[in-house]
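One structure is given here, and the rest of the page talks about it.
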Amino acid sequence: MILVTILLGYFYYLFTQESLLDSQKQVSVMFAKSYANSIWPSHAGFIQEAASLTRKELQSSEEIRDIHRDMRMLLRGTNTLNITIFDVNGIVAYSTNEKKIGDLQQDTRYLGALSGETLSTLMFHDLYKSNHNELEKRYVVTSYMPIRILDAAPVEGVMAIDLDITSLKNEMHFQKIRAISWLILIMSLVYLLVWIFTKRADRLLREQQLQREKDLEDMRHLAYHDPLTGFLNRSSFAEHTTEAVHRAKRVGWTTAIMFLDLDRFKLINDSLGHDTGDQLLRLTAERIRGALRESDILFRMGGDEFTAILEDVNIPERTVEVAHRILDVIAKPIKLQGEEFTISASIGIAAYPRDGESADDLVKCADTAMYHAKELGGNCFSFFSVEMNKRVEDSLKMETALNRAVANAEFFLQYQPRVCAQTQRVIGAEALLRWRHPEWGVVLPSRFIPQLEESGLIVPVGAWVIREACRQNKAWQDMGLSPINISVNLSSRQFRSESLISTVCLALTESQLAPCYFEMELTESLLVDNTENAIALMHSLKSLGIALSIDDFGTGYSSLSYLKRFPIDCLKIDRSFVTDLANRTKDAAIVEAISTLAHNLGIGLVAEGVENINQVRLLQKYGCTELQGYFYSQPVNADQLPEMIACLGESKIAVRVV
C-alpha cells in the first residue's frame, strides 16, 4: 500500500509538473506574439542592426529605454523575471538585465528557437539574479521562442522569457506531501484518503485549468489588440480582412479598406516627447472610431498608421462621406501640454471587387492610394487607380535596376566645358552623371536622379562621382592638359551625409589632385533648410581648399542675407534666364542685376544654357565671367574632352564675340 501511495504521488507530480510547464510555455508564446505584433515593428530595425553596434553602444542606446518603456506596459501584472531578445546572429540586443546586452549566445535552445521551435525548461535556482535584486530558492520556467509577425513568416529574432512559478510549484509540492503523509499515516482509511486525494487533485487541476484559460485569454487579447489604444492590431487586421472579403463574395456587397497615416506626426513626437505622442495617438484613435459607422472596424497597424474595414458600402458615395468625417475630426485642435495643436491625415481607399478580389490585393492597393494622398500634400483621401499601381511598379523596377547599376558599375561621367567669357578658352568642366543600362541604353538623368535621391543610393553614387571626377582631372593634367577646374553637383542627401567631408578628403588624397582644381555646386534649397549647419559645413569644405558655387541661382529661395554669410566662390545663373535673354527684357534685367551683385561681392558668375552667339555677346556685356552650354559643346566623354578643348582653343569664336 505504501508503494502504491508513493507511485500515485510520483505520477501525480509528473502530471502536474508537465501541465504547469505546458501552461507557462503557452503563456510565453502568447506574450511573444503580442510583442511581435505590438512592439516589434517599432524596434525591429534596431534589433536587426545590433550586430553592427558595439556592446557599449548597445547598452547606451536611446532605443533601449524605448523598449524598456514598451516592455513595462506589456509586463504589467505578470510574473516575468527577465526578458532577453536576440538578433539572428545570437547577439543580446535587449535584456531587462542590462549587463547581458551585447553578449553572444548560440546554444541549442537559441538555435532551436531560431529554426522556429519553442523550447521551455523548468529549473530550480538556489539564488536567482534578476534585473533588480537577488531571489532565493526560485522555480523558473525559461522559454526560448522565435519572434515573427505571423506563424508562416520568417524568424526575425529570438526571445527568452524567465517566468517565476515558485508559488505554484510550492503549492503543488505542499499538496503532494500532505496527500502522501495522510495516506501513509492512516492506512485504515486508505480508500477514503484516495477519494479525498482525488477530489483535491481534481480541484487543483480545475483551478490550474481556469488560471491557464484566463492567462491564455489575457495573452490572446494582447496578441490581437494594440496595448496603447486598445483597438485591434495588425495581426487581427489580416484575419478580419480575409473574413470581410469572403463575406463580400458570399453576400455580393462592396467592402472598402482604408489606410490612414497621420501627416507630420514625427515632428510632434520628436518635439514634445513620446509620452505626448502616445497621448495624441490615443485621442486620435478615439476620434477616428467616432467618425466611423458602428459596423466598421478600426485597427492600429503601428506607429501613426491606422486601417479600417467598411463593409456593405456604396462606392464612392458612402466611403467619401466616412473619409470626410475622419479628416474633419482629426483636423480639430487637440490640447497637449497646455497648448493647442492641429494635425491632418492622408487616407488611401481600395474597394472589393473593383480594385482586387483578394485581401492581399486590397491591402496593397489601399497602401498605394494612401501614399498617393501624401504626394498630393496630405489632409486628403485618394481612391486607388491602375495608374497608381503602374507608377509604383515602375518605381520598384527602377530602384531594382539602380541597385544593379551600382553593383555592375553601369554609371559613367560626361563633361561639359566651362569657357572664360572674355578669352573664350576652356577653364573648367562640369562632371555630369550618366547611366548606361544593358537593355534600356543611356537613361536620361531626369528619369533616374530623383529615384537615386529617394532611395538613398545618391550618397554612394555621389561619392563615386566625386572620386571619379578628381581622378579624371588629375589624369588629364598628367597627360599634359593645362589644369582646369572640375565641378560636381551635390544633392541634398549628400550635403546632409556625415561622410561628406571624409569623402572629399579621400578623393583628393587618392587622386593627388590639388584642391584648387575641384569645385562643388550646391542648390539654394539645401542651403536654406538649416542655415547654421549649412554655414558650418561649407566652412569645413572651404578649409579643404576647394571652391563652392550656388547652382541654378534665382530659381529657388534666393536671399541676399545668406549670400554675404556663405563662403561661396561663384553663382551659376539658371538656364531659364538665358534662353530668351535677347527677347525678354525682364530676363536681361535679372541677369544684369545678378551680375552686378556677384561683381560687388567679388565672386564669379557662370551662365548656363548658352546656345547662340547673341546670348554670348549679351552675357559678356552684362559681365558674366564664365559661359557653359551647347553653343560651345554638348557633354562629352572623358577621352573626348582634350580634343574638344583643343578645338575650342583654335576656333575663332573669341574673335567674333569680343
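Per-structure values
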| quantity | calculated |
| --- | --- |
| Net charge of neighbours whose Cβ lies under 15 Å from the Cβ of Gln175, counting Lys and Arg as +1 and Asp and Glu as -1 | +4 |
| Net charge of Cβ neighbours under 10 Å - reference Gln512; Lys, Arg +1; Asp, Glu -1 | 0 |
| Amide H contacts under 5 Å for His225, placed H, 5+ residues apart | Asn233 |
| Range in the chain, longest, excluding exposed GluC sites (Glu not before Pro) [loop by DSSP; at most 13 other beta-carbon atoms within 10 Å] | 118-293 |
| Degrees separating the helix 274-291 axis from the principal Cα axis of the chain, which is the longest one | 80 |
| ³J(HN,Hα) computed for each position of segment 590-603 - Karplus, 6.51 cos²θ - 1.76 cosθ + 1.60, integer Hz, glycine/proline x | 5, 4, 5, 5, 5, 5, 4, 4, 4, 4, 5, 7, x, 10 |
| Solvent-accessible surface ranking, highest first, for Cys624, Cys420, Cys505 at 1.4 angstrom | Cys505, Cys420, Cys624 |
| Residue-by-residue Karplus 3J(HN,Hα) for segment 501-509, coefficients 6.51, -1.76, 1.60, Hz, glycine and proline x | 4, 5, 5, 5, 4, 5, 5, 5, 5 |
| Long-range amide H partners of Phe381 with built H, under 5 Å | Ile347 |
| Span from the segment 252-309 Cα centroid across to the segment 48-66 one, whole angstrom | 30 |
| Signed unit charges on C-beta, dipole axis of the chain, positive-most listed residue Leu327, Ile458, Ala201 | Ala201 |
| Ranked order, Thr84, Thr108 - accessible area, probe 1.4 Å, largest first | Thr108, Thr84 |
| nm² value of the averaged projected area, convex hull over the Cα atoms of segment 152-232 | 8.6 |
| Heavy-atom accessible area ranking, 1.4 Å probe, most first, across Ser236, Ser295, Ser497 | Ser295, Ser497, Ser236 |
| Computed FRET value (nearest 0.05) for Glu294 with Arg404, which takes r as the C-beta separation and R₀ as 56 Å | 0.65 |
| Charge dipole (debye, nearest 20) of the chain; +1 at Cβ of Lys and Arg, -1 at Cβ of Asp and Glu | 780 |
| Cross-link pairs Lys364/Lys397; Lys56/Lys542; Lys542/Lys621; Lys266/Lys374; Lys176/Lys199; Lys542/Lys564 - those with Cα-Cα distance over 24 Å | Lys56/Lys542; Lys542/Lys621 |
| Cut-off 13 Å, label 7 Å out along Cα→Cβ of Ser60, residues of segment 83-100 by amide N | none |
| Inter-part distance where segment 443-482 and segment 164-223 are each reduced to a Cα centre, Å | 75 |
| Relative contact order, percent, the chain [alpha-carbon distance under 8 Å, six or more residues apart] | 8 |
| Loop-resident sites, segment 247-311, for trypsin sites (Lys or Arg not before Pro), counting at most 15 other Cβ within 10 Å (DSSP) | Arg264, Arg293 |
| For the chain, calculated [θ]222 nm from helices alone, where every DSSP H run of n ≥ 4 adds -39500 (n - 2.57) | -16500 deg cm²/dmol |
| Extension gain, His173 back to Glu217 (0.36 nm per residue minus Cα-Cα distance, nm) | 13.1 nm |
| Simple spin-label estimate for Arg250 and Asp126 in nanometres, 7 Å along Cα-Cβ | 6.2 |
| Phi-based couplings in Hz for segment 168-174 (Karplus 6.51, -1.76, 1.60; Gly and Pro marked x) | 5, 5, 5, 5, 5, 4, 5 |
| Rotationally averaged projected area of segment 451-561 (alpha carbon convex hull; nm²) | 7.4 |
| Å³ per residue enclosed by the Cα convex hull of the chain | 227 |
| Principal axis dimensions, largest first and in whole angstrom, of segment 394-510 by Cα | 47, 32, 25 |
| Calculated FRET efficiency for the pair Thr585/Asp270, C-beta based, R₀ 56 Å, to 0.05 | 0.70 |
| Charge-dipole axis of the chain as Lys and Arg at +1 and Asp and Glu at -1 on Cβ define it, positive-most pick from Thr579, Thr166, Ile484 | Thr166 |
| Contour minus Cα-Cα distance for Arg325 and Glu453 (0.36 nm per residue) | 42.5 nm |
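The values are calculated or read from the model by the stated rules, or taken from the named source; none is laboratory data. Note that the structure is predicted; figures quoted are calculated from it, not measured. Positions of Cβ are backbone-derived with ideal geometry, glycine not excepted, and every protein chain shown enters the neighbour counts. The accessibility values were calculated without ligands, DNA or RNA, using every heavy atom of the protein model including side chains. Shrake-Rupley method; radii C 1.70, N 1.55, O 1.52, S 1.80 Å.
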